[in-house]
Amino acid sequence: MTDPPVKLDADAVRAAWDRAADAYTHGQTTGRDYYRYDFLGPAQAALCGDVSGLRVLDVGCGSGYLAREMARRGAHVTAIDISPRMIALAREMEAAEPLGIGFQAIDAAEIGGAFAAGSFDMAAACLALQDMADPATALRGVRSVLRPGGRFVASITHPGTDTPFRQWERGEQRRKRWLCIDRYFDRVAVEYTWTRWAYEFTTPALHVPLEDWFAWILAAGFRVRGFHEPRPTAQAIAAQPKLADAARVPYYVLFDMIATADATTDATFAPATS
Ligand SMILES: C[S@@+](CC[C@H](N)C(=O)[O-])C[C@H]1O[C@@H](n2cnc3c(N)ncnc32)[C@H](O)[C@@H]1O
């Protein structure tokens with residue numbers, strides 16, 4: 001089974017992120033998004049390693065956080081996002097700090113038609129795949145534009161804790177006791193309402209079990225070189241105590257994938273379709 005059992009509507013995804021773009025970007029540029037700056041971003045950049053001189057594609061780049069990190073480290077970066085407003089904001093930042101990044105408003109499901117085969121040495125996606133209407137098609141497209149042996153380093157929210165039902169049980173003084181989760185095996189569209197940003201916004205996402213992600217990755221023609229569940233460092237927790245939650249239960253997953261020469265499906269990884 002290589003197609004998602006549930007798909008989002010790509011137009012609705014684009015519209016939601018267009019509405020979200022200014023508040024989301026404001027949250028990043030003001031440091032409000034400390035999960036990105038103090039925790040996941042550094043972990044993902046470290047996993048990407050030395051990118052100097054590499055042709056890198058940032059998939060679902062938003063307003064360009066990871067693209068800029070890679071370009072500052074010497075990569076030649078192309079960055080795409082489905083949201084024209086995100087791309088406009090990314091271009092504004094590129095104008096203020098020219099890093100040679102080519103930002104383009106493209107749906108990741110169309111990457112295969114937008115770039116020639118083997119155009120990139122590496123691709124990265126920071127918390128974007130689970131927000132896409134059709135991650136399986138996006139993965140196939142990314143594999144097709146990577147040179148054989150090229151890496152794809154992608155983070156998603158952890159399907160084991162970012163479940164359709166999720167709630168911290170609290171005790172005395174509202175201290176978090178444990179995280180209650182349910183409906184892990186659901187394959188469903190979920191909605192996130194982002195509060196405490198410059199304005200409130202809602203974005204759709206897919207929740208599927210981890211086995212579906214592995215099935216899509218392998219069917220797209222990637223080999224999984226590494227699978228990581230990053231934890232914030234002690235220094236990061238000292239600076240942002242709220243990050244301590246993410247040292248108790250895993251919040252994110254990082255896939256380290258290698259593009260094979262041919263897409264092959266390993267049927268033993270096909271998830272149940274019920
Ligand atoms: C949570 S944001 C992450 C943005 C950025 N990678 C970052 O780390 O700040 C998810 C992004 O995925 C983008 N996105 C969703 N579906 C997409 C698709 N089909 N193709 C390209 N981008 C998509 C959204 O527009 C949004 O910018």
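How do the strands (runs of 3 or more DSSP E) wholly within region 86-198 filter down when requiring 1 or more residues that are under 24 Å from LEU210 (Cα atoms) and modelled with pLDDT of 95 or more: which remain? Steps first, answer last, please.
Numbers: elements: 102-105, 120-126, 146-157, 165-170, 176-182, 188-194.
Filter on region 86-198 gives 120-126, 146-157, 165-170, 176-182, 188-194.
Here's the yes/no breakdown for (1) farther than 26 Å from ALA189 by Cβ; (2) in contact with a helix residue (DSSP H, G or I) (Cβ under 9 Å, 6 or more places away or on another chain):
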{"position": "ALA95", "(1), (2)": "yes, no"}
{"position": "ILE101", "(1), (2)": "yes, yes"}
{"position": "GLY118", "(1), (2)": "yes, yes"}
{"position": "CYS126", "(1), (2)": "no, yes"}
{"position": "ASP131", "(1), (2)": "no, yes"}
{"position": "GLY141", "(1), (2)": "no, yes"}
{"position": "ARG151", "(1), (2)": "yes, yes"}
{"position": "PRO164", "(1), (2)": "no, no"}
Hey, VAL253 hits all of (1) at pLDDT below 95; (2) outside any helix (DSSP H, G or I); (3) touching a helix residue (DSSP H, G or I) at 6+ places or on another chain (Cβ under 9 Å) but one; which does it fall short on?
(1)
Looking at region 30-40, which of the residues that are away from the ligand (no atom under 11 Å from the Cβ) and part of a helix (DSSP H, G or I) is modelled with the highest pLDDT?
PHE39
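Only one of ASP58, ASP33 is touching a Leu at 6+ places or on another chain (Cβ under 6 Å), within 30 Å of GLN235 (Cβ to Cβ) and of a type in the set (Asp, Glu). Can you tell me which?
Values: ASP33 fails: touching a Leu at 6+ places or on another chain (Cβ under 6 Å).
Criteria check complete, one pass: ASP58.
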Can you tell me how many residues within region 113-158 are without any contact (Cβ under 8 Å) to a residue 40 or more places away in the chain, closer than 23 Å to SER63 by Cβ and more than 10 Å from the ligand (Cβ to nearest atom)?
1
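Would it be correct to say that ILE237 is away from the ligand (no atom under 16 Å from the Cβ) and surrounded by fewer than 19 Cβ atoms within 10 Å (Cβ to Cβ)? Before the answer, list the steps.
Working: away from the ligand (no atom under 16 Å from the Cβ): yes; surrounded by fewer than 19 Cβ atoms within 10 Å (Cβ to Cβ): yes.
Judged against the criteria, ILE237 is a match.
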Exclusive hit being within 12 Å of the ligand (Cβ to nearest atom), touching a residue at least 60 places away in the same chain (Cβ under 8 Å) and surrounded by fewer than 20 Cβ atoms within 10 Å (Cβ to Cβ), set ALA45, ALA21, ALA10, ALA16
ALA10
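Against the condition under 20 Å from CYS48 (Cα atoms) and surrounded by fewer than 20 Cβ atoms within 10 Å (Cβ to Cβ), how does GLY171 come out, does it pass? Before you say what the answer is, go through the steps one by one.
On the way: under 20 Å from CYS48 (Cα atoms): no; surrounded by fewer than 20 Cβ atoms within 10 Å (Cβ to Cβ): yes.
Criteria not met by GLY171.
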Residue list for region 48-68, restricted to those being more than 13 Å from SER155 (Cβ to Cβ) and either surrounded by fewer than 23 Cβ atoms within 10 Å (Cβ to Cβ) or of a type in the set (Phe, Trp, Tyr) (or both):
GLY49, ASP50, SER52, GLY53, LEU54, ARG55, ARG68
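In region 69-85, which residues are more than 10 Å from the ligand (Cβ to nearest atom) and in a helix (DSSP H, G or I)? Let's see the steps before the verdict.
Quick first cut of region 69-85, residues more than 10 Å from the ligand (Cβ to nearest atom) only: 70-78.
Across region 69-85, the qualifying residues are MET70, ALA71, ARG72.
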Across (1) surrounded by fewer than 11 Cβ atoms within 10 Å (Cβ to Cβ); (2) under 24 Å from ALA15 (Cβ atoms); (3) of a type outside the set (Phe, Trp, Tyr), VAL190 clears everything bar (1)
Say whether the condition of being surrounded by 20 or more Cβ atoms within 10 Å (Cβ to Cβ), closer than 21 Å to TRP194 by Cβ and polar (S, T, N, Q) is met by at least one residue in region 120-135.
yes
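The values are calculated or read from the model by the stated rules, or taken from the named source; none is laboratory data. What you see is a predicted model; the values in this text were computed from it and never measured. Neighbour counts are summed over all protein chains in view; Cβ atoms, including those assigned to glycine, are modelled from backbone coordinates with ideal geometry.
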